[in-house]
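The values are calculated or read from the model by the stated rules, or taken from the named source; none is laboratory data. Just so it is clear, the model here is predicted, and its values are computed rather than measured. Counting neighbours? That spans all protein chains shown, and the Cβs are built from the backbone with ideal geometry, glycine included.
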Amino acid sequence: MKYLKEWLQRLRSRPVSGDYWEDRRHHEALEALAGCKGEGDWLTLSCHGNGFVREVAVRELSELPSPEALAALLERVNDWVPQVRQLANAGLQRYFTPEQAPALLHALQPLIALAERQRADHGQVLVAARTVLQGAEIRDAVLTAFLAQQGKSARFLFDLLLEASDEPTELLGKALAHREMTVRQMAVSACQKLPVEQAVPLLQHALATPGASVRVKALHALLSKLDDPREMLRGALLDASPAVRSLARWAAPRWQLDAREVLAKRLDAALPTSKREWLGVLGLTSELEVSLDERWRAAALRSPMASVRLAALTSLGDGHLGEQLAMLDDPADKVFAKACERLSCQPWDALQAELDGRLDRDWQSLSDHRRAALMALRPRWQQLAYLLRRLDNDVQQRNYWLTSIGNWCQQQYLMVDPSTAPAERRQLLARVAELQDSGALPPGCVTRLT
């Protein structure tokens, strides 16, 4: 409260200027400052819309050192009032010592936001903060904070630590295991600047980490550093990531490596035990358009992991109609959707009997989404034919089927159906007209179909 009493006295003793807006701003400042009781209030008032209030808040916060006060001062360094900016800059100077490093680490977000503005007059503040955080005496504390951070804060601290490291190998090893993927990407890029004997072990470690983009960067870097990368390429060809496999397939011919031979050798071995192994084998199989034998196909389609079943379904050829139809019972929506996508390429004659039986059996138990997807596999006029057949066969639920037919008709706009013969279309249209004329269907159904 060092400056509060002085400011209140100045505001109260100030004569009325006669300018409405100026008098209003002073009155507003007087009201805001009169109720201030402690640091929490000053933190709030540092963002007040009145410049007089912000100036007093910055003065008070400069005398109350704390991590929260530092964060507020960093924000006010970018204030639009020059006097507030100057006061905030002056108040920050006490924080640029090793003893205040914990406060600087606490205020990383406003410090990063200040750097992102790229203003020249912020340069001295940013350089002073980086100099403190790069000090040898607090390196362990900064490293600990880096390992716990993510996002922009993690990237900022990694760049800061790397810049101050004469021997960055240990830092890069920890960065490659960081939970933030963008940090791992930065670490891979930094590894490429090291001597080969230091870079290769780190890049090989990166090749085994999660994150396909990290593995792609590591693989690309290792291709130029290894004398014989064929063993690495054999593993990369069976990587779970399509991007890694694509790079490996591009590089394989340069080293006289045949991707089909690598796949054939893997298919002669035992079945995979992990999701990543399964996805690698199934992905390469699909990309090379190789058919799996019965043992592999059955094991993949029965896998407890939905992503493996989805990959197995993707790798099936059009000739495996029965297995594609069986996957319509899969509990995972993604697998069901892929099965519908694959079946949409099959001729209608091959699907009709199975789809009729499945819809007859499961109509009531199917979700609305799955029921609509199965109906969409039928040509347009065959959808109507099915609904009319159910109307004739299920007398007890006549009203339900009439409502379904009416709703279906109202949803039609352009009936494109190359599979249904014109004579059958006329018969179906006549039946709809009969139901409409009798009042069973609402008016306009026939119009929607013609």
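Looking at GLU287, GLU277 in this structure, which one is within 29 Å of GLN324 (Cβ to Cβ), touching a residue at least 40 places away in the same chain (Cβ under 8 Å) and assigned to a helix (DSSP H, G or I)? Among GLU287, GLU277, only GLU287 is within 29 Å of GLN324 (Cβ to Cβ), touching a residue at least 40 places away in the same chain (Cβ under 8 Å) and assigned to a helix (DSSP H, G or I). As a summary of the residue check, SER303 satisfies the conditions (1) part of a helix (DSSP H, G or I); (2) surrounded by 15 or more Cβ atoms within 10 Å (Cβ to Cβ) except for the one numbered (1).
Could you please find all residues in segment 410-431 being assigned to a helix (DSSP H, G or I) and either under 21 Å from TRP348 (Cβ atoms) or in contact (Cβ under 8 Å) with a residue 60 or more places away in the chain (or both)? Once the filter is applied, which keeps residues that are assigned to a helix (DSSP H, G or I) and either under 21 Å from TRP348 (Cβ atoms) or in contact (Cβ under 8 Å) with a residue 60 or more places away in the chain (or both), segment 410-431 yields PRO422, ALA423, GLU424, ARG425, ARG426, GLN427, LEU428, LEU429, ARG431. From the list GLY439, GLY357, GLY444, GLY406, the one residue that fits, being surrounded by 10 or more Cβ atoms within 10 Å (Cβ to Cβ) and at pLDDT below 90, is GLY444.
To keep it simple, each residue is scored yes or no on (1) at pLDDT below 90; (2) in a helix (DSSP H, G or I); (3) crowded, with 17+ Cβ neighbours inside 10 Å; (4) of a type outside the set (Ser, Thr, Tyr).
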site: GLN352; (1), (2), (3), (4): no, yes, no, yes
site: ALA372; (1), (2), (3), (4): no, yes, no, yes
site: LEU384; (1), (2), (3), (4): no, yes, yes, yes
site: ARG389; (1), (2), (3), (4): no, yes, no, yes
site: TYR400; (1), (2), (3), (4): no, yes, no, no
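Taken together, GLY322, GLY357 contain a single residue that is closer than 24 Å to GLU287 by Cα, among the small types (Gly, Ala, Ser), assigned to a helix (DSSP H, G or I) and without any contact (Cβ under 8 Å) to a residue 12 or more places away in the chain, which is GLY322.
Of all the residues that make up segment 77-88, how many are in a helix (DSSP H, G or I) and either charged (D, E, K, R) or surrounded by fewer than 17 Cβ atoms within 10 Å (Cβ to Cβ) (or both)?
Step one: list which residues in segment 77-88 are in a helix (DSSP H, G or I), which gives 82-88.
Adding the requirement that they be either charged (D, E, K, R) or surrounded by fewer than 17 Cβ atoms within 10 Å (Cβ to Cβ) (or both) leaves 82-83, 85-86.
Of the residues in segment 77-88, 4 are in a helix (DSSP H, G or I) and either charged (D, E, K, R) or surrounded by fewer than 17 Cβ atoms within 10 Å (Cβ to Cβ) (or both).
When the residues of segment 307-321 are narrowed to those that are surrounded by fewer than 16 Cβ atoms within 10 Å (Cβ to Cβ) and touching a helix residue (DSSP H, G or I) at 6+ places or on another chain (Cβ under 9 Å), which ends up farthest from ASP356 (Cα to Cα)? Walk me through how you get there before you give the answer.
Keep residues of segment 307-321 that are surrounded by fewer than 16 Cβ atoms within 10 Å (Cβ to Cβ), which gives 314, 317-319.
Then keep just the ones that are touching a helix residue (DSSP H, G or I) at 6+ places or on another chain (Cβ under 9 Å); that gives 314, 318.
Values: THR314: 24, ASP318: 20 Å.
My answer is THR314.
Do you know which residues across segment 215-239 are part of a helix (DSSP H, G or I) and buried (at least 21 other Cβ atoms within 10 Å of the Cβ)?
First, pick out the residues of segment 215-239 that are part of a helix (DSSP H, G or I): 215-223, 230-237.
Across segment 215-239, the qualifying residues are ARG215, VAL216, LYS217, ALA218, LEU219, LEU222, LEU233, ALA236, LEU237.
For segment 334-350, a tally of residues being part of a helix (DSSP H, G or I) and either exposed (fewer than 11 other Cβ atoms within 10 Å of the Cβ) or among the polar types (S, T, N, Q) (or both) returns 1. Every test in (1) within 30 Å of ASP140 (Cβ to Cβ); (2) part of a loop (DSSP other than H, G, I, E, B) is passed by PRO201 save one, and that test is (2). The requirement of being among the β-branched types (Val, Ile, Thr) and either buried (at least 16 other Cβ atoms within 10 Å of the Cβ) or more than 28 Å from GLU180 (Cα to Cα) (or both) is fulfilled nowhere in segment 270-279; no residue meets it.
If you check ALA187, ALA243, ALA218, ALA212 for being at pLDDT below 95, under 31 Å from the mean Cα position of the chain (by Cα) and closer than 30 Å to GLN150 by Cβ, only one passes: ALA212.
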